[in-house]
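To start, the structure under review is shown below, and the notes come after it.
Quick note: the coordinates plus some simple rules give every number you see, no bench work behind them. Keep in mind that this is a model prediction, so the values were computed, not measured.
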Amino acid sequence: DAGITQSPRHKVTETGTPVTLRCHQTENHRYMYWYRQDPGHGLRLIHYSYGVKDTDKGEVSDGYSVSRSKTEDFLLTLESATSSQTSVYFCAIGEASGILNEQFFGPGTRLTVL
Amino acid sequence: KNQVEQSPQSLIILEGKNCTLQCNYTVSPFSNLRWYKQDTGRGPVSLTIMTFSENTKSNGRYTATLDADTKQSSLHITASQLSDSASYICVVSSNNAGNMLTFGGGTRLMVKP
């Protein structure tokens, strides 16, 4: 998985609790992304980062926050989890430069909010 | 709104047979189109990537085509194997900040012996 790890891989939590998902890369890529994947939808971008402490919102950012204090780590936080945030979350990394701006995906985290 | 539509949603074929998956997109400005394979429980892995000027790209038994005029792409799988069972996702990249991708919903392929 191109030097990307996600933790935890599976999590079950209750509505209203805070949850933090971690993405760690060993590739030194500048860009990191968080997506969610739901049945009937393609992957949808939540937030992305283009450098340490530089982040921006994606298509479905409501209810999520992110932080990137080091090049290798990108954290996704659900401040107060809701059942609609039950999903599979994927982290991706890339350079976003050049016409063939490849993104490499991590193994995913399956989150269930009861 | 940028959109990527894929068909069929699911497909069952017998091992050794060929199949073709379709992708239509409305993404602007267009940068490139890629096909990903996603095995169950794993992240997507890139199969092919094509720019505006390319109309075909092969990766082993996988051949992707691109018609930029009609905004259509196809992925042809030759001599299917059981390991080809997966979801295949068409993804279009736009020439904007952050390398934004628009994902199709995927085609779930099952290859049966």
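Pick from B:Arg34, B:Arg42, B:Arg61 the residue whose mean-square fluctuation is largest in a GNM of chain B, springs joining Cα atoms under 10 Å. Fluctuation is largest for B:Arg42. Averaging 1/r over every pair of different alpha carbons in chain B and inverting the result gives a Kirkwood radius of 14.1 Å. Using equal-weight Cα scatterers in the Debye expression, the normalised intensity of the protein assembly as shown in log10 at q = 0.12 Å⁻¹ is -0.65.
Averaging over every viewing direction, what projected area does the convex hull of the Cα atoms of chain A cover, in nm²?
6.7
Pairs of Lys residues in the protein assembly as shown are counted when their Cα atoms are under 23 angstrom apart and they lie 8 or more places apart or on different chains; the count is 11.
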